[in-house]
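The values are calculated or read from the model by the stated rules, or taken from the named source; none is laboratory data. Not measured: the values here are computed from a predicted model. Here the Cβ is made from the backbone with ideal geometry for all residues, glycine too, and neighbour counts use every protein chain on show. Side chains included, ligands, DNA and RNA excluded: accessible areas come from the protein's heavy atoms. Shrake-Rupley method; radii C 1.70, N 1.55, O 1.52, S 1.80 Å.
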Amino acid sequence: RSSDLNMAALARLRLALSTAPLARNLRPGSARAHAHPPAAASAAFLGRRHYSSEAKGDEDLRVHYLEGEEQGIVVLGINRPNSRNAISRSLVKTMMKTLDSLKTDKKVRTVILRSEVPGIFCAGADLKERAKMHPSEVGPFVAKARAVMNDLADLPMPSIAVLDGAALGGGLEMALACDIIVAASSAKMGLVETKLAIIPGAGGTQRLPRAIGVALAKELIFSARAIDGEEAKAIGLVSHVVEQNDTGDAAYMKAIALAREFISQGPVAVRMAKLAINQGIEVDIATGLDRKS
């Protein structure tokens, strides 16, 4: 018993030492975390976040406007710990409202979408909630979820999805709606709906083939296979893969570094470049060049 107590004390000391360098390295004006921590168990996960203002928005989706050298970056944090960040009617409604506000805000230069729950990005649709829906409610809910993904894809500024944990079903569809995906090597991802005898309904059948090619997309959807970050990088599903760190936010730290590169460029040029790419990729090159001009 004495040995167990000593081991517990040693673990607490190691945790304190691991977070101390971060506290020393924070500079005046740099971003600090002021969001309300969801639970003591995730304190270490929260510790390295670069949040600089009080979280805004609904508890299901926390909105953080970064400051200092990261001003212009907005972090959207999905926060449904009791349901593994599953997509509910409440989350869809909140996301629609938030995205509608962000798309017209000229001060927003880059949007980062991440989880505030350790180990999970989004587990897909909230099946417990869906089981309670009347059959006539399911179709409209799926349509609204698809509309949210389209709103995310249509944001005029760059968007980065952060996968420090699993992204399954609708969770991966949400990530695919972002311009760039950054993942931890340990993160699992896949469109697994065929296991439930349904198909991806929020854009996955269209966005996955555009990301990795038709044959590979069919293979992953037909098999309902989940892959890790390393394999996802190898097939072009994610842009960057990083080894996970002790605090579980390695992909987020990489996303912050990318966003800092983006916000240092001309904001109008970045928005116009995104528009030209998004519109041009759907047409032949001659039409795309005409639209660019």
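Look at the range 268-293 and say how many of its residues are open to solvent by less than 60 Å² (accessible area, probe 1.4 Å) and modelled with pLDDT of 85 or more. Within the range 268-293, residues that are open to solvent by less than 60 Å² (accessible area, probe 1.4 Å) and modelled with pLDDT of 85 or more number 6. (1) in contact (Cβ under 8 Å) with a residue 40 or more places away in the chain; (2) farther than 21 Å from A259 by Cα; (3) of a type in the set (V, I, T): which one isn't true of I181, the others all being true? Going through (1) in contact (Cβ under 8 Å) with a residue 40 or more places away in the chain; (2) farther than 21 Å from A259 by Cα; (3) of a type in the set (V, I, T) one by one, I181 breaks only (2). Of the residues making up the range 95-104, not a single one is out of contact with any helix residue (DSSP H, G or I) (no Cβ under 8 Å at 6 or more places or on another chain), in a helix (DSSP H, G or I) and among the acidic types (D, E). Within the range 106-124, does at least one residue satisfy the condition of being more than 15 Å from the chain's Cα centre (by Cα), closer than 22 Å to Y252 by Cα and not charged (D, E, K, R)? Looking for residues that are more than 15 Å from the chain's Cα centre (by Cα), closer than 22 Å to Y252 by Cα and not charged (D, E, K, R), one finds at least one in the range 106-124, hence yes. Just one residue in the set A226, A251, A234, A286 is under 15 Å from A161 (Cβ atoms) and hydrophobic (A, V, I, L, M, F, W, C); that residue is A251.
Tell me, which residue of the range 236-267 that is open to solvent by 80 Å² or more (accessible area, probe 1.4 Å) and among the charged types (D, E, K, R) is modelled with the lowest pLDDT? Among residues in the range 236-267 that are open to solvent by 80 Å² or more (accessible area, probe 1.4 Å) and among the charged types (D, E, K, R), the one modelled with the lowest pLDDT is D246. I'd like the full set of residues that are within 16 Å of the chain's Cα centre (by Cα) and either without any contact (Cβ under 8 Å) to a residue 12 or more places away in the chain or more than 21 Å from E193 (Cα to Cα) (or both), limited to the range 234-250. The answer is S239, H240, V241, V242, Q244, G248, D249, A250. As a summary of the residue check, I198 satisfies the conditions (1) β-branched (V, I, T); (2) open to solvent by 10 Å² or more (accessible area, probe 1.4 Å); (3) at pLDDT 95 or above; (4) more than 22 Å from I263 (Cβ to Cβ) except for the one numbered (3).
Results for (1) open to solvent by 10 Å² or more (accessible area, probe 1.4 Å); (2) under 15 Å from the mean Cα position of the chain (by Cα); (3) of a type in the set (K, R); (4) over 23 Å from K144 (Cα atoms), shown as yes or no for each residue.
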| residue | (1), (2), (3), (4) |
| --- | --- |
| L168 | yes, yes, no, no |
| A177 | no, yes, no, no |
| L191 | no, no, no, no |
| Q206 | yes, no, no, no |
| P209 | yes, no, no, no |
| I221 | yes, no, no, no |
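Among residues belonging to the range 209-224 that are assigned to a helix (DSSP H, G or I) and among the small types (G, A, S), point out the one that is farthest from S239 (Cα to Cα). That would be S223.
Conditions tested, residue by residue: (1) in a helix (DSSP H, G or I); (2) among the aliphatic types (A, V, I, L, M); (3) farther than 14 Å from G204 by Cα; (4) touching a helix residue (DSSP H, G or I) at 6+ places or on another chain (Cβ under 9 Å).
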position: R146; (1), (2), (3), (4): yes, no, no, yes
position: V162; (1), (2), (3), (4): no, yes, yes, yes
position: L172; (1), (2), (3), (4): yes, yes, no, yes
position: A175; (1), (2), (3), (4): yes, yes, no, no
position: V182; (1), (2), (3), (4): no, yes, yes, yes
position: S186; (1), (2), (3), (4): no, no, yes, yes
position: T194; (1), (2), (3), (4): yes, no, no, yes
